[in-house]
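J.: Here it is, the structure in full.
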Amino acid sequence: MRAPVCPYRDEEEGSIEDLAAQRMKVLLENSLGRCGTGTVNGFSFENSFEFPRPQSSIPLGCLSSFVDTSFDPKYIADLRNQLDSQRKETDHLTKQLLSDSFSYHTVPRSSHGSHQFQTQTKSAFSTYPSQTLNRKSLDSLPSSHLEKSLKDSQEQIIELRKKLQEVTDSSDQQKRQFRQTVEDLKSKLHETIHNRDAVLDLRQKESNSQELLIHKLQSALTQLQDHNKLQEEALVSASKQLDSMKHVNEMNETALSQISCILLTREKGHGHTYFKSDLINGQNTSILVHTLERCLRDLDNDIVTKSKRLTERIKYEG
């Protein structure tokens, strides 16, 4: 016998579908909100992917405050665990809906034609407190709706897993790039340090060679200063000797002048010159010596002659 048609059948079917769709939307919005705003090691994935965001009756402002902006490997593992929990919860919800649908034909209806129950659900991706949803009694649902809802949920889970895998691959790629960049920077730093050490060694060698050259130049300068000092002392001594020689020369010239005057007086006294060729005033120093010698000889002869005369005169008078 065919079961009687409940007047609230259409309304109950719509309520169950709305409830399942609303629950899936909340779960997907929470998971997509976390995936869309994650970061991996400082690299933002906020604009890397565009996720489909189904419309929900729950305001997004209530969910955004609980979105975790960190996207580290630990968070990825938590996200994977939460996806598994979501899949299990979806399977459990599907089984519960199927069991409620099958029990609708066997369990008698209440006077109001519906069963009132409350379920307290908490999303695997949610961080806000669990909410209590009041649902009407479940009526028999077509298997096509359940299969479609289950298929959509599985497709969304697969898509989320793909996105998670893409994010994980991108994170691994970023880590490899960071490691390569760090290695490159290390090699460049090592090369820079090596070049710096080479430049410092070259500068040290140049500084040592310049210091040695400066020391040699200072030694040569000291020697030149000593030699110059000796030359200055020799010059001063030569100047003193020259002054002394000038003084002696002046004295000699004075003596020669006096001798010349005496010889000139002697010539005037005799009335003849000692040398017929030159006068005394015109004679040079070498001839003046001979003139003086002749003058002295003549003087000796005169003395001898006068002595003889004086002796003869004394003898004659005596």
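The values are calculated or read from the model by the stated rules, or taken from the named source; none is laboratory data. Computed from a prediction, not measured in an experiment: that's the story for all the values here. Using ideal geometry, Cβ is built from the backbone for each residue, glycine included, and neighbour counts are taken over all protein chains shown.
J.: Tell me which residues, restricted to region 259-318, are small (Gly, Ala, Ser), at pLDDT below 85 and assigned to a helix (DSSP H, G or I). Walk me through how you get there before you give the answer.
T.: Looking only at region 259-318, we keep the residues that are small (Gly, Ala, Ser), and these are 260, 269, 271, 277, 282, 286, 307, 318.
Narrowing the set further to residues that are at pLDDT below 85 leaves 260, 269, 271, 277, 282, 286, 318.
Within region 259-318, 260, 269, 286 qualify.
J.: Looking at 182, 167, can you tell me which residue is part of a helix (DSSP H, G or I), free of Cβ contacts under 8 Å to residues at least 24 places away in the same chain, among the aliphatic types (A, V, I, L, M) and over 17 Å from residue 91 (Cα atoms)?
T.: Values: 167 fails: free of Cβ contacts under 8 Å to residues at least 24 places away in the same chain.
On inspection, the qualifying residue turns out to be 182.
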